[in-house]
Amino acid sequence: MDHRDEVYIGGRWVEPVDVKRWMVIDPATEQPIAEVALGGPADVALAVAAARAAFPAFPRTSVEARIALIERIAAAFDERRDDFAASLTREIGAPTALARQQGEMAAAHLKTMLETLKGFAFERISGSLKVVKEPIGVVGCITPWNAPVSQMLSKVVPSLAVGCTTVVKPSEYAPLSALLLAEVMEAAEVPAGAFNMVNGDGAAGAALASHPDVDMMSFTGSVRTGAAIAKASADTVKRLCQELGGKSPNIILPDADLEAAVRGGVMMMFFHTGQTCGAPSRMFVPRELHDEAIKIARGLAEGLKVGDPTAQGTDLGPLVNKAQFERVNRLIQSGIDEGARLVCGGPGRPDGLTRGYYVRPTIFTDVRPEMAIVREEIFGPVLCVIAYDDVEEAVEQANATPYGLVGYIQSRDPAKAADVAGRIRAGYVSINYPPMDLTAPFGGYKQSGNGRQWGAYALDEAVELKALVRHEAW
Ligand code: NAD
């Protein structure tokens with residue numbers, strides 16, 4: 001079993017002061033695979049002090065120097081792609097192909113960030129007014145486990161790009177990926193203190209959010225934790241950028257290519273065993289197409305291979321941990337108890353699997369808006385199919401959620417699709433499943449968050465605007 005006893009502070013590997021031992025459990029076997037040292041509030045304080053100490057010098061580096069720095073990070077990351085994929089499979093149970101895909105996504109974020117920084121205007125002049133974008137200061141980054149590497153990179157890299165220094169508090173369920181990322185930062189010769197990483201649990205996160213020397217918190221995770229971070233940040237009036245949960249609607253319009261629309265929705269829903277923030281978990285289907293849609297969806301779900309994430313051809317690995325396994329099963333049972341019709345799946349492990357946090361791809365229909373499976377973000381492979389009589393009703397129900405992260409529209413008619421997309425209260429609306437656009441602003445309406453990640457929008461989150469005004473033109 002691997003042992004890792006260090007956190008990365010001020011450009012050095014150090015043993016945490018507030019040390020707590022943590023077992024990393026392989027969700028596919030329920031067996032421990034590594035023991036790591038988690039840090040606590042005292043370690044967070046040391047990391048913030050290192051980031052603060054590095055702050056005066058780091059923003060004075062030229063944009064060219066920061067472009068070169070990100071190029072080195074991208075090169076060092078590429079060298080370790082196989083290690084990242086292996087650690088994602090071990091600690092979060094991501095099937096090998098998915099783990100590699102997460103690496104590609106992270107690399108694409110780095111590439112997009114480089115292009116964005118090259119074209120980013122740090123000042124704008126309008127006569128006697130000059131507006132300058134300056135780094136906000138120390139950015140605290142708290143990340144979830146479901147896409148740990150791209151989540152850490154999509155917070156750290158834009159912050160470094162504008163000259164901020166960073167402290168990362170990764171998820172305790174993905175500490176091995178975080179250790180690898182710190183090794184990448186070390187190999188890329190990120191200046192000491194500009195990147196710090198303290199593995200830790202919620203207590204370390206809370207210490208970061210309340211620390212007076214942190215200027216901004218960038219958080220991705222659940223609504224509940226996002227609200228706690230907002231409260232902890234309030235006393236020191238920090239800026240917040242929060243990417244929270246979702247219960248995303250997928251409206252299939254009557255003119256859509258039904259087969260393609262249902263297939264895309266089912267595959268996206270069950271991708272990563274339903275553990276994605278933008279999962280299209282509520283599929284709205286015209287009533288006259290409902291039975292046909294259910295037939296297509298059931299065929300697809302029943303054809304998915306659930307099992308060992310290291311085996312060739314596995315579609316769905318296990319859920320990340322025992323708590324998620326129990327929660328998802330409880331919610332599936334609640335759907336049955338509340339009277340929804342189970343199309344396929346159900347509680348318990350798939351046949352033939354006796355250990356590991358595996359669940360069955362589950363589809364419900366005949367659901368009502370008040371059911372927990374329709375209201376709550378399940379973060380597991382559970383799809384609700386909802387029949388509608390007219391598009392107005394579908395839009396109304398799609399928006400009847402406290403979330404507003406992603407919306408999906410399926411139609412052959414671009415004008416109709418654009419009209420419905422315009423009425424969805426969500427930060428990112430995808431029409432007919434195009435690839436993700438990493439230059440887009442990514443973030444949520446309502447309780448799905450505040451602020452936006454990705455592209456130039458991410459750089460704008462991490463800057464202060466300074467107005468310089470004089471008599472004469474600049
Ligand atoms: P979580 O909220 O349980 O934990 C996220 C992080 O917060 C972890 O690092 C955790 O240690 C830390 N944390 C816990 N309590 C804290 C506290 N009191 N103060 C500060 N930090 C604390 O979320 P999770 O289970 O890791 O991830 C799943 C959630 O993340 C889902 O709700 C999902 O929708 C969301 N998510 C959102 C996006 C997005 O971009 N919107 C992307 C991925 C995941």
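Annotations
Conditions (1) open to solvent by 40 Å² or more (accessible area, probe 1.4 Å); (2) under 23 Å from the mean Cα position of the chain (by Cα), marked per residue:
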site: 12; (1), (2): yes, no
site: 15; (1), (2): yes, no
site: 32; (1), (2): yes, no
site: 58; (1), (2): no, no
site: 70; (1), (2): no, yes
site: 74; (1), (2): no, yes
site: 83; (1), (2): yes, yes
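- Region 243-269, residues that are open to solvent by less than 10 Å² (accessible area, probe 1.4 Å), more than 15 Å from residue 434 (Cβ to Cβ) and away from the ligand (no atom under 16 Å from the Cβ): 251, 252, 253, 262, 266
- Elements of type strands (runs of 3 or more DSSP E) contained in region 356-474, each with 1 or more residues being farther than 30 Å from residue 307 by Cβ and at pLDDT 95 or above: 382-388, 406-410, 428-431, 463-469
- Only one of the numbered conditions (1) within 16 Å of the ligand (Cβ to nearest atom); (2) open to solvent by 10 Å² or more (accessible area, probe 1.4 Å) is not met by residue 300, and that is (1).
- Here is the figure for region 213-232: residues that are closer than 18 Å to residue 165 by Cα and buried (at least 19 other Cβ atoms within 10 Å of the Cβ) total 6.
- When 391, 406, 382 are checked against the criterion of being buried (at least 23 other Cβ atoms within 10 Å of the Cβ) and under 23 Å from residue 295 (Cβ atoms), 382 stands alone in meeting it.
- Residue match in region 156-176 (condition: surrounded by fewer than 23 Cβ atoms within 10 Å (Cβ to Cβ) and either among the β-branched types (Val, Ile, Thr) or within 7 Å of the ligand (Cβ to nearest atom) (or both)): yes
- Counting residues in region 241-253 that are touching a Lys or Arg at 6+ places or on another chain (Cβ under 7 Å) and hydrophobic (A, V, I, L, M, F, W, C) gives one or more.
- Any hit, region 274-284, residues being in a strand (DSSP E or B), surrounded by 19 or more Cβ atoms within 10 Å (Cβ to Cβ) and in contact with a Lys or Arg (Cβ under 9 Å, 6 or more places away or on another chain): yes
- Pick from region 442-458, criterion within 15 Å of residue 218 (Cβ to Cβ) and open to solvent by 40 Å² or more (accessible area, probe 1.4 Å), ranking: nearest to the chain's Cα centre (by Cα): 452
- Listed by first and then second residue, the pairs linking a residue in region 7-36 that is under 18 Å from residue 203 (Cα atoms) to a residue that is of a type in the set (Lys, Arg), with Cβ atoms under 6 Å apart and 6 or more places separating them unless they lie on different chains, are 36/4.
- For region 437-463, a residue qualifies if it is without any contact (Cβ under 8 Å) to a residue 40 or more places away in the chain, within 14 Å of the ligand (Cβ to nearest atom) and within 25 Å of residue 267 (Cα to Cα), and the qualifying residues are 440, 441.
- In region 37-70, the residues that are closer than 19 Å to residue 116 by Cα, out of contact with any Lys or Arg (no Cβ under 7 Å at 6 or more places or on another chain) and touching a residue at least 12 places away in the same chain (Cβ under 8 Å): 59, 61, 63, 66, 69, 70
- Count of region 189-237 residues, restricted to those that are more than 9 Å from the ligand (Cβ to nearest atom), assigned to a loop (DSSP other than H, G, I, E, B) and touching a residue at least 60 places away in the same chain (Cβ under 8 Å), is 12.
- Looking across region 156-198, just one residue is more than 23 Å from residue 42 (Cα to Cα) and of a type in the set (D, E, K, R), and that is 189.
The values are calculated or read from the model by the stated rules, or taken from the named source; none is laboratory data. These figures come from a predicted structure and were not determined experimentally. When we count neighbours, we look across all protein chains shown, and the Cβ atoms used for this are built from the backbone with ideal geometry, even at glycine. Accessible surface areas use protein heavy atoms only, side chains included; no ligands, DNA or RNA. Shrake-Rupley method; radii C 1.70, N 1.55, O 1.52, S 1.80 Å.
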